1. By how many nm would the segment from L106 to L145 grow when fully extended, if each residue of separation counts as 0.36 nm and the alpha-carbon distance is taken off?
2. Suppose every K and R has +1 on its Cβ and every D and E has -1 on its Cβ; what is the size of the dipole of the chain about the Cα centre, in Debye to the nearest 20?
3. If you take the beta carbon distance between T196 and L176 as r and set R0 to 30 Å, what does 1/(1 + (r/R0)^6) give as a FRET efficiency, to the nearest 0.05?
4. Give me the Debye-computed log₁₀ of I(q)/I(0) at q = 0.08, 0.10, 0.13 Å⁻¹ for the chain, equal point scatterers on Cα only, no solvent, two decimals.
5. Please work out the average accessible area per residue across the chain, using the 1.4 Å probe convention, and give it in Å².
6. For the chain, what % of the accessible area comes from carbon and sulfur atoms, probe 1.4 Å?
7. May I ask you to compute the full-extension gain from T40 to L26, defined as 0.36 nm times their residue separation minus their alpha-carbon distance, rounded to one decimal in nm?
8. Add -39500 (n - 2.57) for each DSSP H run of 4 or more in the chain, then divide by its residues: what number comes out at 222 nm, to the nearest 500 deg cm²/dmol?
Amino acid sequence: MGEGDSSLRIIEAKIKDAGVTLRAVLLALILIPINNNWITVIEVRWYALDGTCLPLFITPIFILFLIALANLGIKRLSPRQALKRGELLTIYMMIVMAATLASHDLIQNLFGAIGHAHSAATDANKYEQLFFRYLPEQLFVSDKLALKGFYRGAMDPWNWQIMRYWVGPLAAWGGLVMVMITMMMCLNIIIRRQWT
């Protein structure tokens, strides 16, 4: 009976520090727009720092540092209300995964790649004859009006006549990006013990 009780206590301890709690998810969902806006302003608008080009993203680590600092204060005042290790990890992972979407070399470059082949093709460079047979149509925007609006501006991007050409390719690329993010998370879970 003693072994059963100790096993039960171990399971209860693991459940208590499960990590994916409602408060951890809500806190991460509040912090994600702040972090992604910060990344967009720094990397795209000011072009000052490419923090998402580094192996460890700077902004999520800084946010985790601030949360851990606040958590130390909460732990002193009310230890039961302090975030557990698993909750901190959940918050960090959610912020990092969302930061990949705002990062410098993903979505910003993806938009250009979706339309560039058809926009750059001319009779002189013969791109259409040389390369288009290798490009899956459903992954690229080929409509000249939609591309003109994207590259030159002065058009309403929310106009359905333009937006309809972007929906399919963006959904396909978005699905691929989500599969890649999920795959990387799975790889991290597999090697986490060795890495830590």
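The values are calculated or read from the model by the stated rules, or taken from the named source; none is laboratory data. What you are looking at is a predicted structure, and each value in this text was computed from that prediction instead of being measured. Note: ideal-geometry Cβ built from the backbone for every residue, glycine included; neighbour counts use all protein chains shown. Accessible surface is based on the protein model in full, side chains and every heavy atom, while ligands, DNA and RNA are left aside. Shrake-Rupley method; radii C 1.70, N 1.55, O 1.52, S 1.80 Å.
1. Extending this stretch completely gives an extra 11.6 nm.
2. It works out to roughly 540 debye.
3. After rounding, the FRET efficiency stands at 0.55.
4. So the normalised log intensities are -0.43, -0.62, -0.89.
5. 71
6. Summing carbon and sulfur atoms, their accessible area is 67 percent of the total for the chain.
7. 2.9 nm
8. -23500 deg cm²/dmol, from helical runs alone.
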